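Enquirer: Could you have a look at this structure, given as structure tokens, before my questions?
The values are calculated or read from the model by the stated rules, or taken from the named source; none is laboratory data. Quick caveat: nothing in here was measured; it's all calculated off a predicted structure. Neighbour counts run over all protein chains shown; Cβ positions are idealised from the backbone, glycine included. Just the protein is used for accessible areas: all its heavy atoms, side chains included, with ligands, DNA and RNA removed. Shrake-Rupley method; radii C 1.70, N 1.55, O 1.52, S 1.80 Å.
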Amino acid sequence: MQRKSLDLWVGLFVLSGAVALLFLAMKAGNMSSLSFERTYAVITKFDNIGGLKPRAPVKSAGVVIGRVEHIKFDDKTFQAVVTLQLQNDYKFPKDTSAKILTSGLLGEQYIGLEAGGDTNNLAAGDSIKMTQSALVLENLISQFLFSKAAEGQEDSNK
């Protein structure tokens, strides 16, 4: 009888470990927020998407309102074309703007939407025209270093 009780506890421990590993895998793959709500697709174009990835959140006022569906490169305009899946519950004006933002200093990147004032709303297949690309930390550092080097050269020429 004692052996069956021990087997039961070991089985429960192994099962809880498997569930924890599944949860961790889904969290790491950004799959823990699967939603079966109805969505509509909106297209945006950016010059630089930084580290944006598919399944990244789309937020407005800090609330997740959709996900990045897929990212591809347009070889005619040399821009990244990002398709967003927005939940049907949330309607945005046609003059909405999109920015690629970062959670914290080095956190994950997401798309932030800022509503405009147009009376007509975005529909499936529409495009957001006003976009702001990601700020890439390496580019900011290199600009800072180059500006400091240029100042140093000007000071040495005086």
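Enquirer: Please identify, among PHE46, PHE92, PHE73, the residue showing maximal mean-square fluctuation in a Gaussian network model of the chain using a 10 angstrom Cα cutoff.
Expert: Of PHE46, PHE92, PHE73, the Gaussian network model singles out PHE73 as fluctuating most.
Enquirer: Then there is this: Provide the FRET efficiency to the nearest 0.05 for the ALA20-LYS53 pair, computing r from the beta carbons and using R0 = 22 Å.
Expert: E(calc), rounded to 0.05, equals 0.35.
Enquirer: OK, next. Sum up the lysine pairs in the range 64-158 that clear both bars: alpha-carbon distance under 26 Å and a spacing of 8 or more or different chains.
Expert: 12
Enquirer: Give me the compactness ratio for the range 70-140, meaning the Cα radius of gyration over 2.2 N^0.38 Å.
Expert: So the Cα radius of gyration is 1.23 times the expected 2.2 N^0.38 Å.
Enquirer: At R0 = 35 Å, how high is the FRET efficiency between SER97 and PHE144 if r is their beta carbon distance? Nearest 0.05 is fine.
Expert: 0.85
Enquirer: Let me ask something additional. Between the range 91-158 and the range 58-83, what is the C-alpha centre distance in whole Å?
Expert: 13 Å
Enquirer: Roughly how many Å² is the accessible area per residue of the range 44-158, as a whole number, for a 1.4 Å probe?
Expert: So the range 44-158 comes to 62 Å² accessible per residue, rounded to a whole number.
Enquirer: Per-residue ellipticity at 222 nm for the chain, helices alone: DSSP H runs ≥ 4 residues times -39500 (n - 2.57), over residue total, nearest 500 deg cm²/dmol?
Expert: That calculation yields -10500 deg cm²/dmol at 222 nm.
Enquirer: Suppose accessible area is computed on protein heavy atoms with a 1.4 Å probe; arrange ASP7, ASP74 from highest to lowest.
Expert: ASP7, ASP74
Enquirer: Tell me, in nm to one decimal, what length is gained between GLU114 and TRP9 on full extension, where the rule is 0.36 nm per residue of separation less the Cα-Cα distance?
Expert: Between GLU114 and TRP9, full extension yields 32.6 nm more.
Enquirer: State the dimensionless ratio Rg/Rh of the range 99-158 (Rg: radius of gyration of Cα atoms; Rh: Kirkwood radius).
Expert: Here the Rg-to-Rh quotient is 1.25.
Enquirer: With a 1.4 Å probe and every protein chain kept in, tell me what percent of the accessible surface of the range 53-148 is carbon plus sulfur.
Expert: Of all accessible area on the range 53-148, carbon and sulfur atoms account for 57 percent.
Enquirer: Based on the Cα gyration tensor of the chain, what are the three equivalent ellipsoid semi-axes, each the root of five times an eigenvalue, rounded to whole Å and given largest first?
Expert: So the equivalent ellipsoid measures 42, 28, 13 Å along its semi-axes.
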